[in-house]
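Asker: Dropping the structure in here first, questions after.
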Amino acid sequence: MFDPEPVYPFLAKLGAKWARVQTGWCRCEPVKGRYDFGWLDAIVDRLRTMGIQPWFNLGYGNRLYTPEATNQFAVGWMPLWKEEARQAWLRFVQALAEHFRDRVKHWEIWNEPNHPNFWKPHEANPAEYVKFVRMTAPVIRRAVAGAKIVGPAVWSPPYFKACFELGLGELVDKVSYHWYRASPEDRYETSIAACREVLARHNLTLPLWQGESGCPSQSAGAGALAKYPWTEALQARWVVRRTLSDLRLRVELSSYFHAVDMLYPNPDGTPDGRLNSKGLVRRSNYTPKPSYFAYQCLCALFDAETRWADRPLEISAVGQQPLDRSALLKVAFVRQRRPLYAYWLPTDPRKPLKTRTVDLAIPDAPGAAIDTPVLIDPLTATVHRLPWARRSGRRWQIAAVPLSDCPLIVTDRSTVKDS
């Protein structure tokens, strides 16, 4: 679907520290009982040399054991209903876990088991998924010291709820979900709250991982959200909002799908012309899109040194145009004792929005001060002086700062230097 080799230089400079990697059973076991992990070794080792930690999505099928699969990769064909397939799956998992035991500690079991494309040939069933995890997870734990099991990699509230009612919480260490919406914030906060409520109902304090979410960069094509009229510029705005929405809601890991565009294959493996254009890098010529640079900017600012903080950012005036202040999203972080304040309007990113201005008030807070305020536009990775910023008592008053549907960040100038 793409060549990873020309993508690695961009990954090395991106600043991301984790990478979700598909394992591909059919590619690892091309002949019954004979495993070839060389291709996966190359990916894992290359990522690790860049300071990127792989985490595995353990899944897909193998036509050796489900010959009825309609494509050579047996994507989504489950090994659950035939004894030979079940035993082959467990042997494969054991061999894979033993091979990567010192390099990969996080193992996500299957991909989107609620989706008909990934739970074949039967209909999706949360009881069957939990049974599948229950038989797979112990194999990994026995082989990998300190293994972390991840799941269920879905977004379907009824399916999600049913999984934990059936005991998934006692089997996993991280709770992964997928979230595709044209507007990243669409029902997101209430949905995350509902997700956490499900966990709390079962006395679980497991961290949430947003394991897969992306946006196309062109109209048509393949994959989620492909029906909308996207452009590379719109994709970049979406990526910034998606990432900061995850950080705002204190999701432990935020994963963008995908590093590079993917060209879908025919059943025989030849390209069929359908492009999933969610990549930060173009597949056509392996060059970075605007979304790549926006994501790179966020990776620099919101790294392991940055933490969510409960700090106020006040909107004291909204210029000449009416604005529902309750619709404005705000979030604060602290990085190396310097605050970062992000704010934006969560309107439909596919619609044009006239940039307006607002006046900001930033009260002093202990332990995280702003000496010289600046404005960062992550969409363009540019830093702007704020000549109208004034000290007033124990707060900064900053007049006429821009406001749009793409987050802007107010912070201290030293934060930019450190990044």
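The values are calculated or read from the model by the stated rules, or taken from the named source; none is laboratory data. Model, not experiment: these values are computed from the prediction. Glycine gets a Cβ as well: all are built from the backbone with ideal geometry, and neighbour counts include every protein chain shown. Note: accessible area is taken over every heavy atom of the protein model, side chains too, but ligands, DNA and RNA are not part of it. Shrake-Rupley method; radii C 1.70, N 1.55, O 1.52, S 1.80 Å.
Asker: Which residues does a label at Leu80 reach in region 8-48, if reach means a backbone N under 18 Å from a point 7 Å past the Cα toward the Cβ?
Answerer: 25
Asker: When only C-alpha pairs under 8 Å and at least 6 residues apart count, what is the relative contact order of region 116-222, in percent?
Answerer: Values: 97 pairs, mean separation 28.6, N = 107.
Result for region 116-222 is 27 percent.
Asker: Counting Lys and Arg as +1 and Asp and Glu as -1, what is the net charge of the other residues whose Cβ lies under 11 Å from the Cβ of Val198? Let's see the in-between values first.
Answerer: Working: positive: Lys161, Arg196, Arg201; negative: Glu165, Glu197.
Taking every Cβ under 11 Å from that of Val198, the sum is +1.
Asker: What number, in percent, do you get for the relative contact order of the chain if the mean sequence gap of Cα pairs under 8 Å and at least 6 apart is divided by its residue count?
Answerer: Dividing the mean separation by the residue count of the chain yields 12 percent.
Asker: Which length gain, in nm to one decimal place, applies between Arg187 and Ser392 when the Cα-Cα distance is subtracted from 0.36 nm times their residue separation?
Answerer: Value of the extension gain: 70.1 nm.
Asker: Please list the three semi-axes, largest first and in whole Å, of the ellipsoid equivalent to region 84-212, using sqrt of 5 times the eigenvalues of its alpha carbon gyration tensor.
Answerer: So the three semi-axes of region 84-212 are 25, 17, 14 Å.
Asker: Where nothing but the Cβ of Lys and Arg (+1) and of Asp and Glu (-1) is charged, how large is the charge dipole of the chain around its Cα centre, in debye to the nearest 20?
Answerer: Result for the chain is approximately 820 debye, rounded to the nearest 20.
Asker: Moving on to the next point. Translational D (Stokes-Einstein, µm²/s) of region 207-263 at 10 °C and 1.306 mPa s when Rh comes from the Kirkwood sum over C-alpha pairs? Don't jump to the answer; show the numbers that get you there.
Answerer: Values: Rh = 12.0 Å.
Value of D from the Cα-based Kirkwood radius: 132 µm²/s.
Asker: Within 14 Å, Cβ to Cβ, of Val31, how many net charges do the neighbouring residues add up to if Lys/Arg are +1 and Asp/Glu are -1?
Answerer: Once positives and negatives cancel, what remains is +3.
Asker: Once every DSSP H run of n ≥ 4 in the chain is given -39500 (n - 2.57) and the sum is divided by its residues, what mean residue ellipticity at 222 nm do you get, rounded to the nearest 500 deg cm²/dmol? Provide the component values of the computation, followed by the final result.
Answerer: Details: 10 runs with 116 residues, N = 419.
It comes out at -8500 deg cm²/dmol, rounded to the nearest 500.
Asker: If you don't mind, another one. Rg to Rh ratio, region 161-204, alpha-carbon atoms and Kirkwood radius?
Answerer: Checking Rg against Rh, the ratio lands at 1.02.
Asker: For the chain, which whole-number percentage of the solvent-accessible area (1.4 Å probe, protein heavy atoms only) is attributable to carbon and sulfur atoms?
Answerer: Details: 9590 of 18450 Å².
Percent of accessible area from carbon and sulfur atoms in the chain: 52.
Asker: Let me ask something else. Per q in 0.14, 0.20 Å⁻¹, report the Debye log10 I(q)/I(0) for region 5-133, using one uniform scatterer on each alpha carbon and no solvent.
Answerer: -0.65, -1.15
Asker: Over all alpha-carbon pairs in the chain, figure out the percentage whose distance exceeds 32 Å.
Answerer: Here the tail beyond 32 Å accounts for 40 percent of pairs.
Asker: Ranked highest first by average number of other Cβ atoms within 10 Å, how do 67-79, 383-395, 218-230 line up?
Answerer: The packing order, highest mean first, is 67-79, 218-230, 383-395.
Asker: Another question, then. Within the P(r) computed for region 167-304, what percentage of the Cα pairs occupies the region above 17 Å?
Answerer: Working: 5870 of 9453 pairs.
Roughly 62 percent, once rounded to a whole number.
Asker: Output wanted: per-residue J couplings in Hz (rounded whole) for region 332-337, from phi through Karplus 6.51 cos²θ - 1.76 cosθ + 1.60, θ = phi - 60°, x for Gly and Pro.
Answerer: 10, 9, 10, 10, 6, 6
Asker: Which order do the peptides 165-177, 192-204 take when ranked by the mean count of other beta-carbon atoms within 10 Å per residue, highest first?
Answerer: Values: 165-177: 19.4, 192-204: 13.9.
Most protected by this proxy first, the peptides run 165-177, 192-204.
Asker: Search the structure for amide H atoms under 5 Å from the amide H of Asp272, placed 1.01 Å from N in the peptide plane, and list their residues when 5 or more places away or on another chain.
Answerer: Close amide H contacts, sequence-distant or interchain: Tyr264, Asn266.
Asker: Report, in whole Å, the centroid distance computed from the Cα atoms of region 123-176 and region 6-51.
Answerer: Centre-to-centre (Cα) distance: 23 Å.
Asker: Could you work out how far apart the two model spin labels at Gln72 and Arg142 are, taking each label as a point 7 Å from the Cα in the direction of the beta carbon, and quote it in nm?
Answerer: Distance between label points: 3.4 nm.
Asker: Length gain on complete extension for the stretch Thr205 to Asp303, per 0.36 nm per residue less the alpha carbon to alpha carbon distance?
Answerer: Separation in residues times 0.36 nm, less the Cα-Cα distance, equals 33.0 nm.
Asker: Now for a different question. Where the centre of each part is set by its Cα atoms, how far does region 335-407 sit from region 193-238, in angstrom?
Answerer: Between the Cα centre of region 335-407 and that of region 193-238, the gap is 26 Å.
Asker: Counting only Cα atoms, I'd like the Rg/Rh figure for region 34-108, Kirkwood definition for Rh.
Answerer: Reported Rg/Rh (Cα atoms, Kirkwood Rh): 1.01.
Asker: Then there is this: What list of ³J(HN,Hα) values in whole Hz, one per residue of region 353-370 in order, does the Karplus curve 6.51 cos²θ - 1.76 cosθ + 1.60 (θ = phi - 60°) give from phi, with Gly and Pro shown as x?
Answerer: My calculation for region 353-370 gives 10, 6, 5, 10, 10, 9, 9, 10, 10, 10, x, 4, 9, x, x, 8, 10, 10 Hz in order.
Asker: If you count only protein heavy atoms with a 1.4 Å probe, what accessible area per residue comes out for the chain, rounded to a whole Å²? Intermediate values should be presented prior to the final figure.
Answerer: Working: 18450 Å² over 419 residues.
Accessible area per residue: 44 Å².
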